[in-house]
There are 2 protein chains.
Amino acid sequence: MNRVIQDTGSKYPIIQAPMGWIARSQLASAVCEAGGMGIIETSSGEVDNCKKEIQLMSELTDKPFGVNLPLLFLQDDSMVKFCVDAGVKFVTTSAGDPTKYVGILKDAGITVYHAVPSLAGAIKAADAGVDGLVVEGTEGGGFKSLEEVGLLVLIQSIKQNLDIPIIAAGGLVDGFGMAAVFAAGAEGIQMGTRFVSSKESPVHNNFKNKIIDSGIDGTMVLNKKSKPVIRALKTDLTNDINEKGIMDMSAMMNIKELYFGGDMEAAPALSGQSSGLINEIKPVKQIIDEIIDEFNSTCIKLGNIQF
Amino acid sequence: MNRVIQDTGSKYPIIQAPMGWIARSQLASAVCEAGGMGIIETSSGEVDNCKKEIQLMSELTDKPFGVNLPLLFLQDDSMVKFCVDAGVKFVTTSAGDPTKYVGILKDAGITVYHAVPSLAGAIKAADAGVDGLVVEGTEGGGFKSLEEVGLLVLIQSIKQNLDIPIIAAGGLVDGFGMAAVFAAGAEGIQMGTRFVSSKESPVHNNFKNKIIDSGIDGTMVLNKKSKPVIRALKTDLTNDINEKGIMDMSAMMNIKELYFGGDMEAAPALSGQSSGLINEIKPVKQIIDEIIDEFNSTCIKLGNIQF
């Protein structure tokens with residue numbers, strides 16, 4: 001039995017990443033309805049809006065969904081308590097040490113997966129008692145580790161050291177990539193950029209089209225001498241940040257103008273190398289159905305190879 | 001039928017990378033005898049020694065072997081002619097435009113695979129008429145592309161655009177990784193660091209042990225503002241080069257003192273992220289047998305998963 005399906009309660013082990021402002025009920029409910037695991041973000045820091053979005057989910061779908069808690073950015077434990085009271089069953093934690101809240105969440109019957117970009121982080125999270133890991137390769141978009149370790153290497157390293165369910169993230173868009181990470185030991189995939197560019201994604205078409213138009217070399221890792229380290233699309237703004245070598249958080253201040261106003265120079269457009277593999281804006285259900293078809297046929301094909 | 005096996009004539013689609021000075025008859029013949037494809041390097045520029053090594057191969061093994069031709073570093077076409085006259089059947093070209101020699105090589109009945117780190121390079125090589133590609137993800141050691149694209153993303157991008165046999169390289173050490181890249185569309189794997197740290201590798205034990213001791217974050221990409229861009233183990237020397245931000249080729253001058261004298265600070269120790277997955281010095285035959293066992297069992301396991 002696939003442990004990620006057991007833990008999420010969703011039909012398929014396909015998880016939608018918790019992109020700030022984007023991972024809200026419109027997108028997440030579409031993912032749930034298509035058999036995946038929709039996740040509501042709280043990293044935007046818009047506490048009241050995020051709570052409303054969580055409540056909205058029960059109206060939009062009767063399928064299970066999850067919430068992401070970015071530990072370093074939580075102002076207090078109100079969002080943790082809210083998840084417990086709202087009957088949320090699945091939480092991903094990220095950006096910080098899961099120790100503080102894993103007990104409270106698990107006591108409330110919530111399954112907790114922690115997002116890690118490194119073997120050391122994986123071991124720490126397992127020691128803290130999380131149920132599983134979201135393993136993020138350097139290929140992915142958004143907040144990154146300074147150590148740019150490829151997804152396959154990272155999964156295999158964690159599998160050599162721990163027996164814990166792994167959701168793989170970074171550079172994944174289809175069933176071929178899904179089968180690949182399953183071969184390495186993952187039991188689920190998480191996708192961000194693929195869902196950002198889906199039909200049901202709330203972002204401006206300029207952002208979706210820029211993802212479609214970008215090649216696999218269309219992103220870069222920025223701000224390596226400071227924090228946060230991010231992967232974003234190459235634009236005039238990000239090229240400029242790259243030249244300067246440093247960025248402060250204020251660069252992210254106008255991200256809503258990019259996401260919803262379509263001004264691609266308003267902030268760094270967080271995106272993974274997967275942008276180079278995405279060639280079309282598709283409905284979420286089509287994305288997930290195609291992935292499952294590709295995954296199944298790839299596994300059958302591999303099952304017939306023996307040397 | 002697996003096209004890489006067809007093209008190499010070896011029992012398994014497992015190719016040994018052409019590391020300068022290291023990829024010589026001692027290591028390459030062990031790979032051939034174990035059912036893989038051993039490759040003799042010519043990137044050291046030691047023309048006479050490399051010719052002798054190619055001749056030695058026929059004495060050490062009756063299995064097929066290959067030669068690597070790093071196009072930019074060939075002083076003239078004597079090595080190309082030598083391969084033709086010596087009856088070499090398989091050549092990998094790298095570091096440059098394959099157009100110049102692909103005709104001569106193919107007219108002589110030699111199969112040519114060209115090593116590429118990018119989609120653009122892959123399309124160019126296919127247009128030039130090569131038979132296949134060695135696709136090198138950023139995870140691998142040695143000479144790298146400035147664009148640090150992960151292996152899975154790179155393979156999938158090339159598969160979206162070309163139908164040509166792919167040997168995947170970068171971060172691969174075992175049958176799980178091999179099954180993973182086969183899922184993404186590859187038909188063979190090439191390994192460098194794994195064979196550098198094998199029992200039959202001619203390098204000093206200090207280098208092998210440093211690979212064993214390194215984690216997946218034990219390497220870095222150096223010299224991004226100049227050429228060549230390389231991935232090497234973290235040492236005092238490479239940390240220093242990284243600080244300075246720039247390196248010239250003279251840094252590589254004393255590489256033989258590292259490889260064969262065991263002085264890990266004599267030059268950058270070229271190595272991939274796979275160093276973090278390698279935990280033991282093993283004989284080549286054991287490495288290849290274990291890979292095939294792991295690959296076969298992983299494929300059977302995947303063949304039984306259907307969603």
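Observations on the structure shown:
- Of all residues in the range A:18-57 being among the polar types (S, T, N, Q) and farther than 16 Å from A:Phe90 by Cα, the one that is farthest from the chain's Cα centre (by Cα): A:Asn49
- Filtering the range A:136-143 for residues that are of a type in the set (S, T, N, Q) and surrounded by fewer than 24 Cβ atoms within 10 Å (Cβ to Cβ) leaves an empty set.
- Some residue of the range B:37-46 being open to solvent by 40 Å² or more (accessible area, probe 1.4 Å), among the small types (Gly, Ala, Ser) and within 17 Å of B:Gly192 (Cβ to Cβ): yes
- Meets criteria (free of Cβ contacts under 8 Å to residues at least 12 places away in the same chain, open to solvent by 10 Å² or more (accessible area, probe 1.4 Å), out of contact with any helix residue (DSSP H, G or I) (no Cβ under 7 Å at 6 or more places or on another chain) and not aliphatic (A, V, I, L, M)) for A:Gln286: yes
- Search result, residues across the range B:185-199 that are open to solvent by less than 10 Å² (accessible area, probe 1.4 Å) and either free of Cβ contacts under 8 Å to residues at least 12 places away in the same chain or within 7 Å of another protein chain (Cβ to nearest Cβ) (or both): none
- The single condition among (1) closer than 19 Å to A:Ile164 by Cβ; (2) without any contact (Cβ under 8 Å) to a residue 60 or more places away in the chain; (3) buried (at least 24 other Cβ atoms within 10 Å of the Cβ); (4) in contact with a Gly (Cβ under 6 Å, 6 or more places away or on another chain) that A:Tyr113 does not meet is (2).
- Meets criteria (crowded, with 24+ Cβ neighbours inside 10 Å, within 9 Å of another protein chain (Cβ to nearest Cβ), touching a residue at least 24 places away in the same chain (Cβ under 8 Å) and hydrophobic (A, V, I, L, M, F, W, C)) for A:Ile155: yes
- Checked against (1) outside the structural domain of B:Ile22 (by TED's automatic domain parsing); (2) buried (at least 23 other Cβ atoms within 10 Å of the Cβ); (3) modelled with pLDDT of 95 or more, B:Phe182 passes all but condition (1).
- Of the set (1) touching a helix residue (DSSP H, G or I) at 6+ places or on another chain (Cβ under 9 Å); (2) open to solvent by less than 40 Å² (accessible area, probe 1.4 Å); (3) aliphatic (A, V, I, L, M), all apply to A:Ile104 but (2).
- Within the range A:255-275, the set of residues being of a type outside the set (A, V, I, L, M), open to solvent by less than 60 Å² (accessible area, probe 1.4 Å) and either farther than 14 Å from A:Val196 by Cβ or more than 10 Å from chain B (Cβ to nearest Cβ) (or both) comprises A:Tyr259, A:Gly261, A:Gly262, A:Pro268, A:Ser271.
- For the range A:6-36, residues that are within 14 Å of another protein chain (Cβ to nearest Cβ) and free of Cβ contacts under 8 Å to residues at least 60 places away in the same chain total 3.
- For the range A:63-95, filtered to residues that are in contact with a strand residue (DSSP E or B) (Cβ under 8 Å, 6 or more places away or on another chain), part of a loop (DSSP other than H, G, I, E, B) and without any contact (Cβ under 8 Å) to a residue 40 or more places away in the chain, the residue that is nearest to A:Pro117 (Cα to Cα) is A:Phe65.
- On inspection, B:Ser214 fails the criterion of being away from every other protein chain (no Cβ under 13 Å), among the hydroxyl-bearing types (Ser, Thr, Tyr) and over 22 Å from A:Gln273 (Cα atoms).
- Whichever residue in the range B:83-94 is open to solvent by 40 Å² or more (accessible area, probe 1.4 Å) and touching a helix residue (DSSP H, G or I) at 6+ places or on another chain (Cβ under 8 Å) and, among such residues, is nearest to B:Gly109 (Cα to Cα): B:Val84
- Top-ranked residue of the range B:132-149 - restricted to ones that are under 19 Å from A:Ser274 (Cα atoms) and small (Gly, Ala, Ser), ranked as nearest to the other protein chains (Cβ to nearest Cβ): B:Gly137
- Evaluation of A:Leu237 against (1) within 14 Å of another protein chain (Cβ to nearest Cβ); (2) open to solvent by 10 Å² or more (accessible area, probe 1.4 Å); (3) among the hydrophobic types (A, V, I, L, M, F, W, C) (one fails), failing number: (1)
- Residue in the range B:212-232 that is surrounded by the most Cβ atoms within 10 Å (Cβ to Cβ), counting only those that are of a type in the set (Gly, Ala, Ser) and without any contact (Cβ under 8 Å) to a residue 60 or more places away in the chain: B:Gly218
Yes or no, residue by residue, for (1) touching a Gly at 6+ places or on another chain (Cβ under 8 Å); (2) touching a residue at least 12 places away in the same chain (Cβ under 8 Å); (3) surrounded by fewer than 20 Cβ atoms within 10 Å (Cβ to Cβ); (4) within 12 Å of chain A (Cβ to nearest Cβ):
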site	(1), (2), (3), (4)
B:Asp97	no, yes, yes, no
B:Gly109	no, yes, yes, no
B:Ser118	no, yes, no, yes
B:Leu151	yes, yes, no, yes
B:Pro165	yes, yes, no, no
B:Gly171	yes, yes, no, yes
B:Phe176	yes, yes, no, yes
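- Filtered by the rule that a residue be open to solvent by 60 Å² or more (accessible area, probe 1.4 Å) and closer than 17 Å to B:Gln160 by Cα, the range A:294-307 gives a lone residue, A:Ser297.
- Selection within the range B:150-196 - assigned to a strand (DSSP E or B) and of a type outside the set (Val, Ile, Thr): B:Ala168, B:Ala169, B:Gly188, B:Gln190, B:Met191
- Scanning the range A:122-135 for residues that are open to solvent by 20 Å² or more (accessible area, probe 1.4 Å) and under 18 Å from the mean Cα position of the chain (by Cα) turns up just one, A:Asp131.
- Whichever residue in the range A:64-81 is open to solvent by 80 Å² or more (accessible area, probe 1.4 Å) and either of a type in the set (A, V, I, L, M, F, W, C) or modelled with pLDDT of 95 or more (or both) and, among such residues, is nearest to A:Met19 (Cα to Cα): A:Phe73
The values are calculated or read from the model by the stated rules, or taken from the named source; none is laboratory data. For clarity, every value in this text was computed on a predicted model and none was experimentally measured. Cβ coordinates were reconstructed from backbone atoms using ideal geometry, including for glycine residues, and neighbour counts include every protein chain displayed. Accessible surface is based on the protein model in full, side chains and every heavy atom, while ligands, DNA and RNA are left aside. Shrake-Rupley method; radii C 1.70, N 1.55, O 1.52, S 1.80 Å.
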